Amino acid sequence: MAAQNALLTVAEMYRADALTIEGGVSGETLMEAAGAAVARAVAARRPPGTVAVLCGPGNNGGDGFVVARLLAGQGWSVRVGLLGSREALRGDAAVMAGRWNGTVAPLAPELLDGADVAVDALFGAGLSKPLEGMARAMVEDLAARAIPTVAVDVPSGVHGDTGAVLGAAAPASVTVTFFRKKPGHLLLPGRVLCGDLVVADIGIPDRVLDRIAPRLAENGPASWLSGFPWPRLDGHKFDRGHAVVFGGTRMTGAARLAARAARRVGAGLVSIACDPPAFPIYAASDPGTIVSPLDDSGSFDDLMADPRRNAVLIGPGAGTGPATCGHVLGALRAGKAMVVDADGLTAFADHSTDLYRALSDRCLLTPHAGEFKRLFGIEGDKLSQARRAAARAGAVVLLKGADTVISAPDDRAVINVNAPPELATAGAGDVLAGLAVGLMAQGMPAFAAGAAAAWLHGEAARAVGPGLIAEDLSEALPAVLRRLRGDS
Ligand SMILES: NC(=O)C1=CN([C@@H]2O[C@H](COP(=O)(O)OP(=O)(O)OC[C@H]3O[C@@H](n4cnc5c(N)ncnc54)[C@H](O)[C@@H]3O)[C@@H](O)[C@H]2O)[C@H](O)CC1
Ligand SMILES: [K+]
């Protein structure tokens, strides 16, 4: 599959390189193509001027030498600075340095004096430790001068797999990477440091993906649209599932926001199961949402015994006491497709194994960073955090943020990048959980539902823009769904 949205880890990128070279394309050809793509990005931004090309000791630096030669041929005044000695260069990098007829100066900040543009070709996929010494000084000076910079593959200092900064990194105006994006291009802060991202085709054939079988992708409709539960002409509301949202007696808005989102995304029926004292509040809210008060005529387990109530969300405004744990475990025992969010997660913070034991891959956990830390206590970059949590819990984990990661227990993962900063507002998480349970009520598996919900959530927020409040999101959804389906 030539998945355009596939993300390759650094190791997988090296494998793609090797498979291509095995297939008869030389490393020099790849490097020439890589350098040409970077040179095009430089030339596209301004007419010829003075460019400082900062080359590292490896093939990232080799790309830099190609850029230097091509720009010089286009009338640019080119200065090349090299970290380390020319004699230390190996392989394709040494070949490209040999094709550079200009001078090579030792890497030093003075190279940047009077430069119109800088090309950051110090480190790319081979970054293996924090920058130090002259490499660090150079990158810090480049950042301080704020010279428009084109980064080769990744901004030097950014780790390709995590987006983390190792020591220092200079923000780029444009980053030119090759073949496919890496996680570090999408995870923060890497995404911000990259500036505009260009993915250049340098001659690596898509078929190498069949051999690599990447488990990671950039979230978008390509990942789940084929299984999206569009309503059928011959269907009726019971075909579209029944989502149950548990509503607590405080913060009653949370469950109402979630229930409305579940309805908007197409669940046939949505009900709020609530403690009796809160019944009047929920009953007075959305007329299309059923309200089921839990009292001696019907406990939560009684509701769970109804097979038509096939998807359950517990968390928004549920309260973090033992009753919430009881409801979560009751829904899981009943085999429901389940979203556990907010209080539903925090309620298990000091006895998480009780939750893990009951979970399955039909369950979606939707923690933000704080809930994640309380429940899982797993450190590291966001992608590995989500993957390890999904493996530990045996459930799909959606770890929220501007770079949301959705990870399944079988190690599939997508990184969602369309969330605008306006989503940092009260209630937005309740809406996201409601979208997910609404999709799961319609039969979408937890991983696809989490990915689709995160993407729809971001698109709805972008449609509203500044001034967004959580209530706007469900109202913005119909237009997003029409665009998704390609309605005229
Ligand atoms: N298919 C492709 O993606 C292609 C990629 N190309 C370019 O090749 C680099 C990767 O090259 P590599 O030599 O493996 O590593 P780097 O050049 O990134 O690193 C150089 C070298 O530096 C050493 N090193 C690592 N970290 C540090 C540090 N903090 N301080 C000092 N030295 C460090 C380490 O020994 C590294 O090996 C890729 O990014 C692309 O730009 C090909 O040109 C085209 C095809
Ligand atoms: K670089």
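Quick notes
- Looking across Arg308, Arg250, Arg264, Arg256, one residue alone is within 26 Å of Leu456 (Cα to Cα) and out of contact with any Phe, Trp or Tyr (no Cβ under 9 Å at 6 or more places or on another chain). It is Arg264.
- Hits in segment 143-156 - residues which are touching a Pro at 6+ places or on another chain (Cβ under 8 Å) and either within 9 Å of ligand 2 (Cβ to nearest atom) or in a helix (DSSP H, G or I) (or both): Ala143, Pro155
- Subset of segment 21-31 (residues that are open to solvent by less than 40 Å² (accessible area, probe 1.4 Å) and in contact with a helix residue (DSSP H, G or I) (Cβ under 6 Å, 6 or more places away or on another chain)): Gly27, Met31
- Neighbours by Cβ (under 9 Å, 6+ apart or cross-chain): first from segment 136-160, over 23 Å from Arg46 (Cα atoms); second crowded, with 24+ Cβ neighbours inside 10 Å and acidic (Asp, Glu): Gly160/Asp153
- Complete set of residues in segment 146-175 that are charged (D, E, K, R) and either open to solvent by less than 30 Å² (accessible area, probe 1.4 Å) or closer than 21 Å to Gly35 by Cα (or both): Asp153
- Subset of segment 361-401 that is over 18 Å from the mean Cα position of the chain (by Cα) and at positive phi - its residue that is surrounded by the fewest Cβ atoms within 10 Å (Cβ to Cβ): Gly377
- Candidates Val208, Val176, Val199: the one that is touching a residue at least 24 places away in the same chain (Cβ under 8 Å), in contact with a strand residue (DSSP E or B) (Cβ under 9 Å, 6 or more places away or on another chain) and within 16 Å of ligand 1 (Cβ to nearest atom) is Val176.
- Screening Arg180 against (1) part of a strand (DSSP E or B); (2) under 28 Å from the mean Cα position of the chain (by Cα); (3) surrounded by 24 or more Cβ atoms within 10 Å (Cβ to Cβ) leaves a single unmet condition, (1).
- Residues that are open to solvent by 10 Å² or more (accessible area, probe 1.4 Å) and closer than 21 Å to Ile469 by Cα number at least 2 in the following helices (runs of 4 or more DSSP H) confined to segment 232-308: 252-264.
- Those residues of segment 112-142 which are out of contact with any Leu (no Cβ under 7 Å at 6 or more places or on another chain), more than 14 Å from ligand 2 (Cβ to nearest atom) and either under 23 Å from Ala36 (Cα atoms) or of a type in the set (Val, Ile, Thr) (or both), in sequence order: Ala115, Asp116, Val117
- Test: Val192 is within 15 Å of ligand 2 (Cβ to nearest atom), modelled with pLDDT of 95 or more and closer than 27 Å to Pro421 by Cβ: no
- Some residue of segment 439-450 being over 19 Å from the mean Cα position of the chain (by Cα), more than 19 Å from Ala408 (Cα to Cα) and assigned by TED's automatic domain parsing to the domain that holds Gly401: yes
- Selection count where residues are part of a helix (DSSP H, G or I) and either polar (S, T, N, Q) or in contact (Cβ under 8 Å) with a residue 60 or more places away in the chain (or both), scope segment 346-402: 7
- Residue pairs whose Cβ atoms lie under 7 Å apart, separated by 6 or more positions or on different chains, with the first residue in segment 25-36 and within 13 Å of Asp201 (Cβ to Cβ) and the second surrounded by 22 or more Cβ atoms within 10 Å (Cβ to Cβ) and among the charged types (D, E, K, R), are Ala34/Asp63.
- The one condition in (1) touching a Ser or Thr at 6+ places or on another chain (Cβ under 9 Å); (2) open to solvent by less than 40 Å² (accessible area, probe 1.4 Å); (3) within 15 Å of ligand 1 (Cβ to nearest atom); (4) not in a helix (DSSP H, G or I) that Ala125 fails to fulfil: (1)
- Among the residues of segment 157-177, those that are more than 12 Å from ligand 2 (Cβ to nearest atom) and either at pLDDT below 95 or within 15 Å of the chain's Cα centre (by Cα) (or both) comprise Asp161, Thr162, Gly163, Ala164.
- Counting the residues of segment 210-231 that are open to solvent by 20 Å² or more (accessible area, probe 1.4 Å), outside any loop (DSSP other than H, G, I, E, B) and within 18 Å of Ala448 (Cβ to Cβ) gives 7.
The values are calculated or read from the model by the stated rules, or taken from the named source; none is laboratory data. In this text, all values refer to a predicted model and were calculated from it rather than measured experimentally. For neighbour counting, all protein chains shown are included, and Cβ atoms are generated from backbone atoms with ideal geometry for every residue, glycine included. Protein only, heavy atoms only, side chains kept; ligands, DNA and RNA dropped before computing areas. Shrake-Rupley method; radii C 1.70, N 1.55, O 1.52, S 1.80 Å.
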